[in-house]
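Before any comments, here is the structure.
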Amino acid sequence: MEPLAILPASTPDIPAQTTVVVIGAGIVGLSAALTLAERGIPVTVLEKGRIGAEQSGRNLGWVRKTSRAPADVPLAQAADRLWAEMPARIGADCGYRQAGILFVTRSQKQMGIYEDWLKAVAPLDLGASLVSPKDIDRLVPGGKGDWLGGVHTPSDGRAEPSLACAALARAVLAKGGQIVENCAVRSLATKAGKVAGVVTERGEIACEKVILAAGLWSRRFLGNLGIFLPTLPLICSVLRTAPMEGPCETAVGGPDFSFRKRTDGGFTITQRGRLDAPLTPDHLRLGLRYLPVLRAQKGATQVGLGRHFLHELLSARRWKDDEITPFERCRIMDPDVNPGLNAEAMAALRKAWPIFDQARIAATWAGMIDVTPDSDPVIDSVAAMPGLILATGFSGHGFGTGPAAGHLAADLATGAPPIVDPAPYRLARF
């Protein structure tokens, strides 16, 4: 997987009580904890594995507004501001650079989609625009892609996933929060139908609120509580190059590749046109909910039956508080890399920008993404379980909005004015 930055030493023991427990030490959970700690609210982050070891440390590092659903853009705009303020806020560099994102295409249909998106977000004043082949050559010199055009948003950017997770974790600890690694939460303790604490593998912690930011694992955790959350898994295979000369600082997405510059001088690259879709028993339970998106993105997923089906089939869906849970049996989800998809990405990229002929692959990894039926997250209080707040289901684009999503979850947990309108993220829409 993507090498993690040097992580801080986590809190060795669980506390007897706190005010808010955050389940999951990814970018969203850590951002929520940081916001709470800065407000002087006692907070403990519980992580079944290690800080940022799953999708928060394995994603592409894009911080984008481009092509997001219009209702999701205000959260991304708030995140832009928080990313820019982060060095002053936490005293560390997360690798954030506002160097723009460019999507390119040879398809007239795709150009129409970009045009429709620009019209939909026009009131938000993003500074995005359609670009011509000449514009693409200016923004990303040396190309031979024969592009029809694309869309460019100069205010988009990038950050370093593992660097950001480690830096946020240090800031949480420095501001008085606690982070306990290798400590799975098994269930919630309740009193009069409300959250009263969490039951962990090490014992119980009394608390007033719980923020569930457990990504891929949220559906299973909620299912044990009788709460429905529809998500299915996708796997993204990624590679990084050794430091090299590149065409630009702008991140670029093509039909079958994407690349972005890294702070170490290399590039993070993926096959943007296809993801692996490992079949699981949940596909039988939820498949009909995903038919519209499958029709719209036909060919974008590579369906396969493999070890994940058996793993899910054998994993418990219900358990008691004193039983070992699936979260303890799999501390870190580490899916297999698809070398074929990585090879496709490199071949397409080298054809489009020949400078990548000199690229030397330094590492490959894969991450598992939790996808909702509409590809937007759930950031909401659970009516059936007062005191429980969800911040999950980010569908592969949560790193960019992570600081604002965590902030919004903290707002909901404390009754503070929300950083953005939470209405688009209601659980009830499912």
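The values are calculated or read from the model by the stated rules, or taken from the named source; none is laboratory data. Computed from a predicted structure; not experimentally measured. As a convention, Cβ positions derive from the backbone with ideal geometry for all residues, glycine included, and neighbour counts pool all protein chains shown. Just so you know, the surface numbers come from the protein's heavy atoms only, side chains and all, with ligands and any DNA or RNA stripped out. Shrake-Rupley method; radii C 1.70, N 1.55, O 1.52, S 1.80 Å.
The figures follow:
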read-out	value
Note, ³J(HN,Hα) from phi for segment 107-112, Karplus 6.51, -1.76, 1.60, rounded to Hz, x at Gly and Pro	9, 5, 4, 5, 4, x
Radius ratio Rg over Rh of segment 17-414, counting only Cα atoms, Kirkwood formula for Rh	0.97
Value at 222 nm in deg cm²/dmol, rounded to 500, when DSSP H runs of n ≥ 4 in the chain each add -39,500 (n - 2.57)	-8500 deg cm²/dmol
Segment 79-199 - Rg (one decimal) and Dmax (whole number), Cα, Å	21.7, 65
In degrees, nearest ten, helix 339-352 long axis to first principal axis of the chain (Cα)	40 degrees
Volume per residue that the Cα convex hull of segment 389-430 spans, once the total is divided by residue count, Å³	72 Å³
Choice from 125, 72, 80 with maximal GNM fluctuation in the chain (Cα, 10 Å cutoff)	125
Residue with peak Gaussian network fluctuation, the chain [Cα springs, cutoff 10 Å], from 227, 369, 51	227
The chain: antiparallel DSSP beta bridges as a percent of all, rounded to 5	65 percent
Neighbour net charge for residue 352 - beta-carbon separation under 11 angstrom, K R +1, D E -1	+2
Residue 120-residue 98 FRET efficiency (beta carbon distance; Förster radius 35 Å; 0.05 resolution)	0.95
Simple Cβ-charge dipole of the chain, Lys/Arg +1 and Asp/Glu -1, about Cα centre, in debye nearest 20	520 debye
Local electrostatic count, residue 261, Cβ distance below 9 Å [Lys/Arg +1, Asp/Glu -1]	+3
Rounded to whole Hz, the Karplus (6.51, -1.76, 1.60) HN-Hα couplings of segment 359-375, x for glycine and proline	5, 10, 6, 9, 6, 10, 7, 9, x, 9, 9, 9, 10, 8, x, 10, 6
Amide hydrogen neighbours beyond the local backbone of residue 381, cut-off 5 Å, H modeled	390
In degrees, nearest ten, helix 161-174 long axis to first principal axis of the chain (Cα)	30 degrees
Gyration tensor over alpha-carbon atoms, segment 182-269, equivalent ellipsoid semi-axes in Å	42, 16, 11
Segment 14-149 shape via C-alpha gyration tensor axes, a/c threshold 1.5	prolate
Within a Gaussian network of the chain (alpha carbon springs, distance under 10 Å), most fluctuating of 16, 410, 171	16
Formal net charge of residues neighbouring residue 95 (Cβ-Cβ distance under 11 Å; K, R +1; D, E -1)	+2
Using θ = phi - 60° and Karplus 6.51 cos²θ - 1.76 cosθ + 1.60, couplings along segment 177-193 (whole Hz; Gly, Pro as x)	x, 10, 10, 10, 8, 6, 9, 7, 8, 8, 6, 9, 9, 10, 9, 6, x
Segment 70-149: translational diffusion in µm²/s, Stokes-Einstein, Kirkwood Rh over Cα pairs, 37 °C, 0.692 mPa s	220 µm²/s
With Cα atoms, 0 to 90° folded angle of helix 73-90 axis to the chain main axis	80 degrees
Accessible surface, per residue, of the chain when the full set of protein chains is kept, probe 1.4 Å, Å²	39 Å²
Placed amide H near residue 131: partners under 5 Å, 5+ positions off or other chain	150, 151, 152
